[in-house]
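The values are calculated or read from the model by the stated rules, or taken from the named source; none is laboratory data. Computed from a prediction, not measured in an experiment: that's the story for all the values here. With ideal geometry, Cβ positions are generated from the backbone for all residues, glycine too; neighbour counts draw on all protein chains shown.
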Amino acid sequence: MKIALLGYGKMGKSIETIALNRNHTISLIVSDSNSDYDFSNSDVAIDFSIPSVAVSNIKKAIDAGIPVISGTTGWLEQYQDVLDYCNSNNGTFLYASNFSLGVNIFFELNKRLSELMSNTSEYTTEIEEIHHTQKLDAPSGTAITLAEQIIENTEYTNWTLDEPKPNEIHIEAKRIENVPGTHEISYNSEIDSINIKHTAHSRQGFAMGAVIAAEWIKDKKGVFSMKDVLNIG
Ligand SMILES: NC(=O)c1ccc[n+]([C@@H]2O[C@H](COP(=O)([O-])OP(=O)(O)OC[C@H]3O[C@@H](n4cnc5c(N)ncnc54)[C@H](O)[C@@H]3O)[C@@H](O)[C@H]2O)c1
Ligand SMILES: O=C(O)C1=N[C@H](C(=O)O)CCC1
């Protein structure tokens, strides 16, 4: 498979290594310095760039009729616009806030735990995420997905990085050098605490998941998620 890499930073380089090991080729590398590019020699595009350019990269791939997967976070206020664009142009698109198998299993645990907690009023819920200091967005896309899952199953209606109101889940976003990504959900009462935590030891899981998603999506049409790729949940 010929893969176009949109973004060639920490993730783009990890994806390149894994893709080459799985006998794919890299047909195009787009970084901030070469925005004038075309997809004529590519089967699929993988976008891990920056929030301000992700949407134009994704739309450009859809315009070219190339399936595109995106792991870039921090642009989700435009997610519905991208879905509509993809559907009205008969394109192929998959976004995931987190491509690792472990986090996608963790999402299922989070969903189940929030269902179990839905009828208890004694507990308050908090999310802590820790990432490296170069990260541009806060909270992480993964923390937003976790919060949205909890909101779907409980009385919470919103998340906040600030001091929470009673209906808001507090997300604590910490930035510590070299941390690839840690997420912890806590339910705290006077009596006890319940915590679930995922710790990434490297970027390998994110990159492997992205390559597997690209292999899976190559000949499909429509909008997909990692649940479709991994067949879980
Ligand atoms: N979904 C996931 O599993 C997952 C995992 C890790 C990171 N991420 C997200 O992926 C994104 C990239 O992460 P990273 O750690 O590789 O960041 P990074 O800063 O190391 O790399 C970003 C790259 O984008 C490039 N870029 C800038 N302008 C561009 C343009 N116009 N077109 C294409 N590329 C351009 C930069 O040159 C840089 O090389 C971030 O949004 C991050 O939050 C998601
Ligand atoms: O390194 C990053 O940046 C990461 N971003 C994703 C997020 O925002 O959730 C996934 C984890 C790593």
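Some notes on this structure:
- Single residue of 118, 49, 70 found to be touching a residue at least 24 places away in the same chain (Cβ under 8 Å) and not assigned by TED's automatic domain parsing to the domain that holds residue 14: 118
- Single residue of segment 86-105 satisfying the filter (small (Gly, Ala, Ser) and away from ligand 2 (no atom under 16 Å from the Cβ)) that is farthest from residue 68 (Cα to Cα): 88
- Filter result (in contact with an Asp or Glu (Cβ under 8 Å, 6 or more places away or on another chain) and surrounded by fewer than 19 Cβ atoms within 10 Å (Cβ to Cβ)) within segment 141-155: 153
- Flag for residue 151 being farther than 21 Å from residue 74 by Cα and either part of a loop (DSSP other than H, G, I, E, B) or more than 13 Å from ligand 2 (Cβ to nearest atom) (or both): no
- Filter pass, residue 144 being away from ligand 1 (no atom under 16 Å from the Cβ), among the hydrophobic types (A, V, I, L, M, F, W, C) and in the same structural domain as residue 185 (by TED's automatic domain parsing): no
- Residues that are within 13 Å of ligand 2 (Cβ to nearest atom), loosely packed, with under 14 Cβ neighbours inside 10 Å and β-branched (Val, Ile, Thr), drawn from segment 106-140: 133
- Residues satisfying the stated conditions in segment 32-51, i.e. β-branched (Val, Ile, Thr), in a loop (DSSP other than H, G, I, E, B) and buried (at least 24 other Cβ atoms within 10 Å of the Cβ): none
- Scanning segment 116-139 for residues that are of a type in the set (Ser, Thr, Tyr) and within 29 Å of residue 192 (Cβ to Cβ) returns 118, 120, 121, 123, 124, 125.
- Looking across segment 139-178, the residues that are in contact (Cβ under 8 Å) with a residue 12 or more places away in the chain and of a type in the set (Lys, Arg) come down to 174, 175.
- Listing of strands (runs of 3 or more DSSP E) fully contained in segment 159-230 that carry 2 or more residues being more than 15 Å from the chain's Cα centre (by Cα) and loosely packed, with under 12 Cβ neighbours inside 10 Å: 193-199
- Residue check for residue 18: at pLDDT 95 or above and within 19 Å of the chain's Cα centre (by Cα): yes
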